[in-house]
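Worksheet for the structure shown next.
The values are calculated or read from the model by the stated rules, or taken from the named source; none is laboratory data. Keep in mind the model is a prediction, meaning the values are calculated, not measured. Backbone-built Cβ (ideal geometry, glycine too); neighbour counts: all protein chains shown.
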Amino acid sequence: MSRKRSIYNQIALLAGPSPATGSQVGINQLHRIQTVNWDLSVPKENVNQMGQLAAIDRINNESPQVSLDFSYYATDMQNENALGFSVNSGVSALSNILQKLADDKNYYVLLVGEGEDAVGKAGADGAVTAIGNGFISSYSAEGSVGGFPTCSLGIEGLNISFHADGVAEPSPAINPEDGAPVIGQAFTIPTIVSGGVGQTTAIKHGDITVSISDSAVIGEAISSAPIQSYNMSFDLSRENIDRLGSRYAFSKEINFPVDVSLTLEALAGDISTGNLADLICTSVGYDITVTLRQPICGTGIGAVAAQYQVKNVQLDSQNWGNSIGPSETFSASFIGQISASGDTANGLFMSGITGYA
């Protein structure tokens, strides 16, 4: 019987090892997925000639464009570790990506049959959509009072393939030199699980703390104010490197510099002393840490599940809002730059739990 529809319980998302053109043994499931979307486009150029009104052909003169975006609840650093970020290493979170150790991966979407959960199923139990040579193009992490902290990513790929199952199927990766499929590498989708033993279901706002190295920004004592939300993000815009003889972009290089932004929103607290004019001659750098802890019952503090630290960010903008009824609100936006692997004083750093027994 033909499939009538596909819904969330039938779908699982996985990421392959890096590089995309290498062995696909060791595919990692991504957990707590909330949304998955993908699309493709094949840009074509008209070929016209004198004496004929209509184009005589439409030719692919650019690389096909494949994109994947997904989001998940932030409960630990397991997904970030699988995606190639440097976690618990004391170096920039993007070190592995910047050094080409984990820049491109293949991504797999497993779809099982109607009325079945993907959990407990494997490659033999469903169809697979595979995105080849996928590069991270954006990342954001956000959390707010009343909601669960969430991460969102954007991926740019070079190829997409579709398979009736996920057992010993050919890799979706291509050789960028000529667009030919990678030969001799195959993938098999492992059994999907709900999570590791001891993995947190979701983290509540009461288990999230934000600390800032300087207690005050201009006019507002933000460290003592009731913080309502955080939003940290960066974009890794990519430049296609083309050359004669290559049908595809043989490399997709990051455009530098890369800014990392962090916005904090709070209920306005005490007024602090300060003067905007003072910032004209002196730039104040802040270290801001967002910590997500595992929930525990009763008293005590849970273990650090995930932590983001942005170092030496500078104030970019502030905003105050007042209206009849709700409390006065305050927001501050900070901007920093992603640092190189050896720079421990600037950029974004990640730490937390990366696996379970």
> Tell me, which residue of the stretch 44-71 that is among the charged types (D, E, K, R), without any contact (Cβ under 8 Å) to a residue 60 or more places away in the chain and assigned to a strand (DSSP E or B) is surrounded by the fewest Cβ atoms within 10 Å (Cβ to Cβ)?
Replying inline: Asp57
> Of the residues in the stretch 10-50, how many are in contact with a Phe, Trp or Tyr (Cβ under 9 Å, 6 or more places away or on another chain) and not hydrophobic (A, V, I, L, M, F, W, C)?
Replying inline: 7
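Answer with yes or no whether Ser89 is surrounded by fewer than 20 Cβ atoms within 10 Å (Cβ to Cβ) and in a strand (DSSP E or B).
Numbers: surrounded by fewer than 20 Cβ atoms within 10 Å (Cβ to Cβ): yes; in a strand (DSSP E or B): no.
No: the conditions fail for Ser89.
How many residues does the stretch 321-339 contain that are within 30 Å of the chain's Cα centre (by Cα) and farther than 15 Å from Ile227 by Cβ? Let's see the steps before the verdict.
As a first pass, look at the stretch 321-339 and keep what is within 30 Å of the chain's Cα centre (by Cα): 329-339.
Subsequent filtering for residues that are farther than 15 Å from Ile227 by Cβ retains 335-339.
Selection size over the stretch 321-339: 5.
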> Pairs under 6 Å by beta carbon, first residue among the hydroxyl-bearing types (Ser, Thr, Tyr) in the stretch 161-189, partner in a loop (DSSP other than H, G, I, E, B) and modelled with pLDDT under 95, six or more apart or different chains?
Replying inline: Ser171/Gln24; Ser171/Val182; Ser171/Gln185
> Does the stretch 322-357 hold any residues that are loosely packed, with under 13 Cβ neighbours inside 10 Å, over 29 Å from Ala202 (Cβ atoms) and free of Cβ contacts under 8 Å to residues at least 60 places away in the same chain, and which are they?
Replying inline: Asn322, Ser323, Ile324, Gly325, Ala345
> Under 7 Å by Cβ, and 6 or more places apart or on different chains, what pairs join a residue from the stretch 75-95 that is over 17 Å from Thr289 (Cα atoms) with one that is buried (at least 23 other Cβ atoms within 10 Å of the Cβ) and charged (D, E, K, R)?
Replying inline: Gly84/Lys105
> What's the number of the condition Thr209 fails, among (1) under 30 Å from Asp125 (Cβ atoms); (2) modelled with pLDDT under 95; (3) among the β-branched types (Val, Ile, Thr)?
Replying inline: (1)
> Just for the stretch 72-85: of the residues that are in a loop (DSSP other than H, G, I, E, B) and under 13 Å from the mean Cα position of the chain (by Cα), which one is nearest to Tyr230 (Cα to Cα)?
Replying inline: Ala74
>> Suppose we keep only residues that are among the basic types (Lys, Arg) and on the phi < 0 side of the Ramachandran plot within the stretch 1-52. Which one would you say is modelled with the lowest pLDDT?
In response: Arg3
> Taking the stretch 304-337, which residues are at pLDDT below 90 and either in a loop (DSSP other than H, G, I, E, B) or of a type in the set (Lys, Arg) (or both)?
Replying inline: Asn322, Ser323, Ile324, Gly325, Pro326, Ser327, Glu328
> Which one is farthest from Leu264 (Cα to Cα) among residues in the stretch 301-321 that are in contact with a helix residue (DSSP H, G or I) (Cβ under 9 Å, 6 or more places away or on another chain) and either in the same structural domain as Gln78 (by TED's automatic domain parsing) or of a type in the set (Gly, Ala, Ser) (or both)?
Replying inline: Gly302
>> For the condition of a type in the set (A, V, I, L, M), assigned to a strand (DSSP E or B), crowded, with 19+ Cβ neighbours inside 10 Å and in contact with a strand residue (DSSP E or B) (Cβ under 9 Å, 6 or more places away or on another chain), what is the one hit in Ile160, Ile203?
In response: Ile160
